[in-house]
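The values are calculated or read from the model by the stated rules, or taken from the named source; none is laboratory data. These numbers come from a predicted model, not from an experiment. All Cβ positions, glycine included, derive from the backbone under ideal geometry; neighbour counts span all protein chains shown.
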Amino acid sequence: MSTAPPAPRGPRSVEVLRAMIARPSGAIGLTLVGLHLLMAVLSPWIVPYDYKAMDATITLAGPSPAHWLGTDHLGRDVLTRMMLGGREALLVTGTATPVALIWGGLLGVYLGLKGGWRDEVAMRLVDAFLALPGILPLLVLITVFGSGGEVLMPTLAFFFGIPVIRVARAAAHEVVARDFVSAARARGHHPLDIVRRELLPNVTDTLLVEGAMRWSWMLLGFSALSFLGFGVSPPKPDWGLMISDARVYMSLAPLGVIAPVIALSTLIIGINLSADALAKTLGLDRSRKAVI
Amino acid sequence: MAGTPPLIDIRKLCVGFRGRAGAILPVLHEVDLTVCRGESIGIVGESGSGKSTLALAAMGYLKHGLQKISGDVIYDGAEMFGRSPADLARIRGGQLGLIPQNSGQALTPTMRIGTQIREALHLHCAMSEGEHATRARDLLAQVRLPDPEAILRRYPHELSGGQQQRVAIAMALAGEPDALLLDEPTTGLDVTTQAHILELLRELARVRNMAMVYVSHDLGVIARVCDRVQVLYAGETVLEGPTRAVLREPAHPYARGLLASIPRLGEQTLPRALDGRPPGPNGPREGCAFAPRCALATQDCRAATPPMIEGGADQMTRCLYPDRVDEITGDQAGNAPHGCAEGSPCALDLAEVSIRYDRPGLFDRLRGAPRPPATVDGIDLHLRQGETIGLVGESGSGKSTILKAIAGLLPPASGQITLGDGTALPAAVETRRPDQLRRIQMIFQNPDDSLNPRQSVGEILAQPLRLYFGLRDKALRDRAVALLDTVRLGAPYLERRPGQLSGGEKQRVAVARAFAAGPEIVLCDEITSALDVSVQAAVLDLLNDLKAAHKTAFVFVSHDLTVVRALSDRVAVLYQGRICEFGPAAAVYGAPSHPYTAVLLNAVLTPDPDHAPRLMAEDVLELSPPARGCPFQRRCPVKCGTICDTDAPPARETGDGHVIRCHIPLDELCAKQTGEPPKS
């Protein structure tokens, strides 16, 4: 009997990352996301100006050697504000996404396993939430509790977790129908044990891809809130807020709008491309194939 | 057949795929295949031997990732791989038909049968739309489907598996093919259906003078329908010859081993397993591929690949010692199944168990609508310690449902399941105590589905060990290794994942997981039907040993009568969720039998060229049991009259606990079965 050891391979995450980079979409997406993260971390030390420094003499100026992207209506450097503008968004959404994923995922998987009336009730509630235009309940909560990161984070985590329930439940349903779950049930494992050992490892892939998609949606939602004046409060730099401020002067200083728009869209495109590559990579899951 | 040029002519075909390391790994290695008009060739081999690849290559098609390395595939005088796409489209499905395995899945679920057949006609027949309807009816009549008009209007899910297969055959015939490629055409069908389909194919091939290529792992099928057989092993032809010679006196040790691993109705011993497993495509290609598993292997075998030589009786064999193949059978009688001692204490008792899938809605309850009869009804079984009870029946007979009820996954509607010590077992698994759960373990049909692909073998085995015994760390690992040893795997397997194991190894892990709990009762649900015959024999052998070592009782469910025969002490024959016949295996498989048992037994195929199944009842789709009378009333070939429709049949005892539920008296049943001459 051949007992050759399995082919040596690194941890699965490294393997997945390598496979993602091998795809054009993954390479571009991960580069974009990486650059944005790098910029968010390093920007306080490398920005050319103080983001609050106003200069009334050069309001709405065009590009110049001193201000590459010009200045805004208060004479602040657009480049500086653009580089700093993603920090708050990334911090809030970067925390809220995993939270949304975890609570929505766990609940969804549990409902998928349990089924019955609990599942029925919960899913109708989810339907009701999803029927509302996304930003509306957000606005209500923010008007009640006030804006700012400490309110936005749990609020976003809550609302963006709801669609995750549905996805996780569907993924779990597929796994629950398989015999290894029946086997675990027949052995008499606790339902939470089954969720942890049998279901979660098999829905993680779906959840990861869903998480990447949620993240890009959440970024967009966060920027929309800032744009509407419910997110980051001035003078803190934020892309949504920058677009909102500069759009009045768009014909005079178009870069004030274009710069944050490009920053925001490259980040979102980057996340989407990475999510796409991740989905495709995981679709070719090695653990389901014989190693040859 | 000399003189006429062959229709399909494959010469020295090499097919391979690019492995992860970049090297091209061969799947087929210099394989020849010649089929003439009116000839039937069987391609036999274990899974992974390349038999399906060979058949598809005859169509000029290779699965994604595979590439032709060298060789020719000539169909009707021209190379298939050089043809234009339009040309290929005309030939495929037209002159060259394919009948895939599991055609139920090959039919589009949302289209009526009529539409699908018309589509095939539209593509491959030059005729007006108006003629299509007539032609479609003709085709369905040709495959002997009753009431073609009604079938044309149905959707695939409204047909039985056998009927779906017939529709697939009808569609393959739409283009008036000269040759048919059949990829496991009857795998997954019930024995009776299988026998009927094979008869149909034989008849069609004869009438239309078609060339047939059967791909199958089942030598019983090959024996019934093929003139010649080609045995593939690890992508190479190892034996080629007339069916009779190959089945009677194979000139290659692999074919000999394959034949020995098939369980047979008449034998009292377990089939003999082939040790080892076939080499993977990345193994070194030096010497005979079968040498590591061969009892005859010598230094010469390992030195160079043996050439194809004359092996006697018109066979060509890739073996250096075709004359010595006979030697290896002498001391190879299979192990005797371990029986259980008479009067062993009870392990499990089922009393009047009935199970329902339907749940009447509120409206039906208010209306007082009559409930349909229970899916499974009146099951009385008494399982003794160390005993194996086999449950046989066609698909839909409720065999697996009964297992689920015992396991608590499907609480019965009424009746009581009692453990050996007299404690009544709560119906649902959630309400059972851990010690009750531990005593009943289940092994599932398909190990691909019953093992979590994300867990290593070690983690899989750890589940029951942690749950029932609270083992941790070192103790856990030691116990897991010990379990792997009992199923003839070893410690190196601990770290592997199911995806890295072969089908047989996976099922062994599943067996080890069941035995990890130290169960008194093991429920086996078709556990060998997804495995190759040689692997099946090994798993049966393993269960037999475990049964002797642990005094475990088995409830063994299978649609394969020979497998049940090989392992069971007592057998229950189920039809539509009711027991027709129950008793010691020898009695159930002998005369007299219930008419249904007789139908099943007569339809069993054996790898014997002179054996013909005796067909009685045509296959029909029965979705629910009849409300009254004998469950088998609608298909019974010896039905005695209206009494069968109205009254439940009495239990007639022949002694020794052998019970037949039939209105016909025993001696009459006996006379009917022994007196009737075989139909074919």
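Condition test on residue B:484, is it more than 8 Å from chain A (Cβ to nearest Cβ) and either buried (at least 16 other Cβ atoms within 10 Å of the Cβ) or modelled with pLDDT of 90 or more (or both)? Yes; evaluated as a whole, the condition is true for this residue.
If you filter the range B:548-573 down to residues that are outside any strand (DSSP E or B) and among the basic types (Lys, Arg), you find that the one that is surrounded by the fewest Cβ atoms within 10 Å (Cβ to Cβ) is B:551.
Which one is nearest to residue B:403 (Cα to Cα), of the residues in the range B:450-467 that are within 8 Å of another protein chain (Cβ to nearest Cβ) and buried (at least 20 other Cβ atoms within 10 Å of the Cβ)? Across the range B:450-467, the extreme among qualifying residues is B:450. Residue A:229 meets each of the listed conditions (1) more than 9 Å from chain B (Cβ to nearest Cβ); (2) within 15 Å of residue A:106 (Cα to Cα) apart from (2). For the range B:241-260, the set of residues classified as surrounded by fewer than 24 Cβ atoms within 10 Å (Cβ to Cβ) and either of a type in the set (Asp, Glu) or not in a helix (DSSP H, G or I) (or both) consists of B:242, B:249, listed by residue number.
All of (1) more than 26 Å from residue B:392 (Cβ to Cβ); (2) out of contact with any Leu (no Cβ under 9 Å at 6 or more places or on another chain) hold for residue B:173 with one exception: (2). Can you go through B:437, B:409, B:350, B:403 and tell me which one is of a type in the set (A, V, I, L, M), within 14 Å of chain A (Cβ to nearest Cβ), in contact with an Asp or Glu (Cβ under 7 Å, 6 or more places away or on another chain) and crowded, with 16+ Cβ neighbours inside 10 Å? Exactly one of B:437, B:409, B:350, B:403 is of a type in the set (A, V, I, L, M), within 14 Å of chain A (Cβ to nearest Cβ), in contact with an Asp or Glu (Cβ under 7 Å, 6 or more places away or on another chain) and crowded, with 16+ Cβ neighbours inside 10 Å, namely B:403. Among the residues making up the range B:69-78, those that are in a strand (DSSP E or B) and more than 31 Å from the chain's Cα centre (by Cα) are B:69, B:70, B:71, B:72, B:74, B:75, B:78. Within the range B:265-286, being surrounded by fewer than 20 Cβ atoms within 10 Å (Cβ to Cβ) and either modelled with pLDDT of 80 or more or hydroxyl-bearing (Ser, Thr, Tyr) (or both) holds for B:265, B:269.
Taking the listed residues A:40, A:66, A:61, A:53, the one that is surrounded by 20 or more Cβ atoms within 10 Å (Cβ to Cβ) and either assigned to a loop (DSSP other than H, G, I, E, B) or acidic (Asp, Glu) (or both) is A:61, with no other qualifying.
For the range A:144-222, the helices (runs of 4 or more DSSP H) that sit wholly inside it and include 3 or more residues that are within 10 Å of another protein chain (Cβ to nearest Cβ) and modelled with pLDDT of 90 or more are A:179-187.
The residue pairs whose first member lies in the range B:53-81 and is at negative phi, whose second member is exposed (fewer than 15 other Cβ atoms within 10 Å of the Cβ) and in a helix (DSSP H, G or I), and whose beta carbons are closer than 9 Å, counting only pairs six or more residues apart or on different chains, are B:78/B:87.
Conditions (1) among the acidic types (Asp, Glu); (2) surrounded by fewer than 16 Cβ atoms within 10 Å (Cβ to Cβ), marked per residue:
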residue	(1), (2)
A:123	no, yes
A:131	no, yes
A:166	no, no
A:174	yes, yes
A:177	no, yes
A:189	no, no
A:200	no, no
A:213	no, no
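Please enumerate the residues belonging to the range B:246-283 that are under 17 Å from residue B:296 (Cα atoms) and either touching a strand residue (DSSP E or B) at 6+ places or on another chain (Cβ under 7 Å) or free of Cβ contacts under 8 Å to residues at least 12 places away in the same chain (or both). B:250, B:251, B:252, B:254, B:255, B:278 - these are the residues of the range B:246-283 that are under 17 Å from residue B:296 (Cα atoms) and either touching a strand residue (DSSP E or B) at 6+ places or on another chain (Cβ under 7 Å) or free of Cβ contacts under 8 Å to residues at least 12 places away in the same chain (or both).
Of the helices (runs of 4 or more DSSP H) entirely within the range B:409-520, those holding at least 3 residues that are under 30 Å from residue B:395 (Cα atoms) occupy B:434-439, B:447-450, B:503-516. Restricting attention to the range B:574-600, the residues that are out of contact with any helix residue (DSSP H, G or I) (no Cβ under 8 Å at 6 or more places or on another chain), of a type in the set (A, V, I, L, M) and surrounded by fewer than 22 Cβ atoms within 10 Å (Cβ to Cβ) add up to 2. When residues in the range A:32-75 are screened for being under 30 Å from residue A:273 (Cβ atoms) and in contact with a strand residue (DSSP E or B) (Cβ under 6 Å, 6 or more places away or on another chain), 0 of them pass.
Annotation note: of B:200, B:181, B:159, B:204, the sole residue that is surrounded by 23 or more Cβ atoms within 10 Å (Cβ to Cβ) and touching a helix residue (DSSP H, G or I) at 6+ places or on another chain (Cβ under 9 Å) is B:181. Among the numbered conditions (1) among the charged types (D, E, K, R); (2) more than 8 Å from chain A (Cβ to nearest Cβ); (3) under 19 Å from residue A:12 (Cβ atoms), the only one that residue B:479 does not meet is (3). Scanning the range B:382-393 for residues that are at negative phi and either crowded, with 24+ Cβ neighbours inside 10 Å or at pLDDT 90 or above (or both) yields a count of 7.
If residue B:442 satisfies every condition in (1) in contact with a strand residue (DSSP E or B) (Cβ under 8 Å, 6 or more places away or on another chain); (2) more than 10 Å from every other protein chain (Cβ to nearest Cβ); (3) in contact (Cβ under 8 Å) with a residue 40 or more places away in the chain but one, which is the exception? Checking residue B:442 against (1) in contact with a strand residue (DSSP E or B) (Cβ under 8 Å, 6 or more places away or on another chain); (2) more than 10 Å from every other protein chain (Cβ to nearest Cβ); (3) in contact (Cβ under 8 Å) with a residue 40 or more places away in the chain, the one that fails is (2). Selection within the range B:521-547: residues that are outside any helix (DSSP H, G or I) and of a type in the set (S, T, N, Q). The member of this set that is nearest to residue B:344 (Cα to Cα) is B:528. Given the criteria crowded, with 20+ Cβ neighbours inside 10 Å and without any contact (Cβ under 8 Å) to a residue 40 or more places away in the chain, does residue B:135 qualify? Judged against the criteria, residue B:135 is not a match. Summed over the range B:145-163, residues that are without any contact (Cβ under 8 Å) to a residue 12 or more places away in the chain and assigned to a loop (DSSP other than H, G, I, E, B) total 1. Would a scan of the range B:513-521 turn up a residue that is buried (at least 24 other Cβ atoms within 10 Å of the Cβ) and away from chain A (no Cβ under 11 Å)? No, there is no match, as no residue in the range B:513-521 is buried (at least 24 other Cβ atoms within 10 Å of the Cβ) and away from chain A (no Cβ under 11 Å).
Would you mind stating whether residue B:381 is touching a residue at least 12 places away in the same chain (Cβ under 8 Å), in a strand (DSSP E or B) and under 24 Å from the mean Cα position of the chain (by Cα)? So residue B:381 fails the test. Exactly one residue among A:184, A:170 is surrounded by 14 or more Cβ atoms within 10 Å (Cβ to Cβ), in contact (Cβ under 8 Å) with a residue 12 or more places away in the chain, assigned by TED's automatic domain parsing to the domain that holds residue A:209 and of a type in the set (A, V, I, L, M), and that residue is A:184.
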